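Engineer: Sharing a structure with you now.
The values are calculated or read from the model by the stated rules, or taken from the named source; none is laboratory data. Everything quoted here is computed from the prediction, not taken from an experiment. In this analysis, Cβ positions are derived from the backbone assuming ideal geometry, glycine residues included, and neighbour counts consider all displayed protein chains.
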Amino acid sequence: MKHFPYTLSKEVEKAIKAGKAIVALETTIISHGMPYPQNFNTALEVERIIKSNGSTPATIGIIQGEIKIGMSEEEIEYFSKSKNIHKVSRRDIPFILSTKKNGATTVAGTMILSDLAGIKLMATGGIGGVHRDANNSFDISADLQELTNTNVTVVCSGPKSILDIGLTLEYLETMGVPVIGYKSDFVPTFYSRKSKYEVDYNFDQPKEIAQSIAMKDNLSLKGGVLVCNPIPERFSIQSSVIETAIESAMEKATEHNITGKKLTPFLLDQITKITKGSSLKSNVKLMLNNADLASKIAISLNKISL
């Protein structure tokens, strides 16, 4: 029999046994996406919002080679402060487990471990995708492939602004991943509410999204669903402002030869500095907004039986 070093928190275990709604949460945003203490405070507030809606949060990470489906406040604080946390996607999971190291899961990594635990929904800030100049670098996030393979719905504020949005959407279309807009006909781009690209479907109610997910599952269609939830209007940043910041950040990344899994954290950190913290504030607010929507979809999905 296969053995997974796999531990459920008491809250998550209780929710699974009771058949209650659960929302998975990544940990890369804690360890690599925000500075302390904003990362720690945001992680706790995200869990609070999910609980307030009647769902159960399951923050996912790897501690000393053990998968944690649901983390304690102390463990989350450790992830928010420690510099010894590896960024973990699909390729990294077996090696972080076998060497008993600590790992913060990306969107792709969280999807895999969520699926392992039977959790169907996760919330994040923004997904990875096709990077700019990918025709030369071939830099394409594993998040996209995971969305084609793993039956977990991801609620986000669209692809990160640093990406080539058009090529990211082309990839998702080719691989059959539906892109749903929540109260929007257009794909949001993380800090900004919309782009020039349209979503596949627009729904105004969490219940409608849940019904579509349930129908997809009932048809045994492989892969995930991407739900794009625009950042609240008052926290949105003009695309021209963000674009200028991105160009400057990318120039610095090229100058310092920053590539691979280090690129996204570097760019987000530079953008925060260039925008004098406004992008970090927006990042926090959109994450809270996504957690709120994800928990409502999870509850609706939990009630549906096709």
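Engineer: Residue check: is residue 108 surrounded by 24 or more Cβ atoms within 10 Å (Cβ to Cβ), under 24 Å from residue 297 (Cα atoms), touching a residue at least 24 places away in the same chain (Cβ under 8 Å) and touching a Gly at 6+ places or on another chain (Cβ under 7 Å)?
Structural biologist: Values: surrounded by 24 or more Cβ atoms within 10 Å (Cβ to Cβ): yes; under 24 Å from residue 297 (Cα atoms): yes; touching a residue at least 24 places away in the same chain (Cβ under 8 Å): yes; touching a Gly at 6+ places or on another chain (Cβ under 7 Å): no.
Spelling it out, it is not the case that residue 108 is surrounded by 24 or more Cβ atoms within 10 Å (Cβ to Cβ), under 24 Å from residue 297 (Cα atoms), touching a residue at least 24 places away in the same chain (Cβ under 8 Å) and touching a Gly at 6+ places or on another chain (Cβ under 7 Å).
Engineer: In the range 6-21, which residue that is at negative phi and in a loop (DSSP other than H, G, I, E, B) is surrounded by the most Cβ atoms within 10 Å (Cβ to Cβ)?
Structural biologist: 21
Engineer: I've got another one for you. Here is a check on your reading of the model: is residue 296 crowded, with 20+ Cβ neighbours inside 10 Å, among the basic types (Lys, Arg) and either in a helix (DSSP H, G or I) or in contact with a strand residue (DSSP E or B) (Cβ under 8 Å, 6 or more places away or on another chain) (or both)?
Structural biologist: yes
Engineer: Still on this structure, please answer the following. Check 63, 85 and return the single one that is in contact with a Phe, Trp or Tyr (Cβ under 9 Å, 6 or more places away or on another chain), surrounded by fewer than 24 Cβ atoms within 10 Å (Cβ to Cβ) and over 13 Å from residue 26 (Cβ atoms). Don't jump to the end; show me each part of the working.
Structural biologist: On the way: 85 fails: over 13 Å from residue 26 (Cβ atoms).
None of the others qualify; the one that does is 63.
Engineer: May I ask you to list pairs of residues, at least six apart or on different chains, whose Cβ atoms are under 8 Å apart, with the first in the range 252-276 being within 18 Å of residue 134 (Cα to Cα) and the second being in a loop (DSSP other than H, G, I, E, B) and basic (Lys, Arg)?
Structural biologist: 264/160
Engineer: Does any residue in the range 66-91 that is part of a strand (DSSP E or B) come within less than 9 Å, Cβ to Cβ, of a residue that is among the aromatic types (Phe, Trp, Tyr) and modelled with pLDDT under 95 six or more places away or on a different chain, and which pairs are these?
Structural biologist: Here the result reads 66/6; 67/4; 67/6; 68/6; 69/6, each pair linking the range 66-91 to a residue that is among the aromatic types (Phe, Trp, Tyr) and modelled with pLDDT under 95.
Engineer: So for the range 50-64 (the condition being on the phi < 0 side of the Ramachandran plot, of a type in the set (Gly, Ala, Ser) and assigned to a helix (DSSP H, G or I)), does at least one residue qualify?
Structural biologist: yes
Engineer: Does residue 102 satisfy the condition of being modelled with pLDDT of 95 or more, polar (S, T, N, Q) and touching a His at 6+ places or on another chain (Cβ under 9 Å)?
Structural biologist: Yes.
Engineer: Can you find, within the range 92-105, the residue that is nearest to residue 116 (Cα to Cα) among those that are of a type in the set (A, V, I, L, M, F, W, C) and in a helix (DSSP H, G or I)? Spell out the reasoning first.
Structural biologist: Pass one, the range 92-105, residues of a type in the set (A, V, I, L, M, F, W, C): 93, 95-97, 104.
This time we only want the ones that are in a helix (DSSP H, G or I), so: 93, 95-97.
Numbers: 93: 13, 95: 17, 96: 17, 97: 15 Å.
Among those that are of a type in the set (A, V, I, L, M, F, W, C) and in a helix (DSSP H, G or I), it is 93.
Engineer: Could you please find all residues in the range 107-131 being charged (D, E, K, R) and either touching a strand residue (DSSP E or B) at 6+ places or on another chain (Cβ under 7 Å) or modelled with pLDDT under 95 (or both)?
Structural biologist: Correct list: 120 only.
Engineer: With (1) surrounded by fewer than 18 Cβ atoms within 10 Å (Cβ to Cβ); (2) over 18 Å from residue 178 (Cα atoms); (3) of a type in the set (A, V, I, L, M) as the list, and residue 249 as the residue in question, which single condition is left unmet?
Structural biologist: (1)
Engineer: Still on this structure, please answer the following. What is the number of the single condition among (1) modelled with pLDDT of 95 or more; (2) outside any helix (DSSP H, G or I); (3) more than 27 Å from residue 56 (Cβ to Cβ) that residue 169 does not meet?
Structural biologist: Result: residue 169 fails condition (2) only.
Engineer: If you don't mind, another one. Given the structure, is residue 192 polar (S, T, N, Q) and either over 20 Å from residue 292 (Cβ atoms) or surrounded by fewer than 16 Cβ atoms within 10 Å (Cβ to Cβ) (or both)?
Structural biologist: no
Engineer: Another one. Looking only at the range 115-140, count how many residues are without any contact (Cβ under 8 Å) to a residue 60 or more places away in the chain and touching a helix residue (DSSP H, G or I) at 6+ places or on another chain (Cβ under 8 Å). Lay out the reasoning, then the answer.
Structural biologist: Going residue by residue through the range 115-140, those that are without any contact (Cβ under 8 Å) to a residue 60 or more places away in the chain are 115, 129-130, 133-136, 138, 140.
Still in the running and touching a helix residue (DSSP H, G or I) at 6+ places or on another chain (Cβ under 8 Å): 129-130, 134, 140.
Residues meeting the conditions: 4.
Engineer: Just wondering, is there one or more residues in the range 188-195 that are at pLDDT 95 or above and not in a loop (DSSP other than H, G, I, E, B)?
Structural biologist: no
Engineer: Cβ-Cβ below 7 Å, separation at least six or inter-chain, first residue in the range 213-240 and in contact (Cβ under 8 Å) with a residue 40 or more places away in the chain and among the charged types (D, E, K, R), second surrounded by 11 or more Cβ atoms within 10 Å (Cβ to Cβ) and in a helix (DSSP H, G or I): which pairs?
Structural biologist: 222/149
Engineer: Within the range 24-39, how many residues are assigned to a helix (DSSP H, G or I) and buried (at least 19 other Cβ atoms within 10 Å of the Cβ)?
Structural biologist: Within the range 24-39, residues that are assigned to a helix (DSSP H, G or I) and buried (at least 19 other Cβ atoms within 10 Å of the Cβ) number 7.
Engineer: Which is more than 17 Å from the chain's Cα centre (by Cα), of a type in the set (Ser, Thr, Tyr) and at pLDDT below 85, of 212, 278, 239, 248?
Structural biologist: When all the criteria are applied, what remains is 239.
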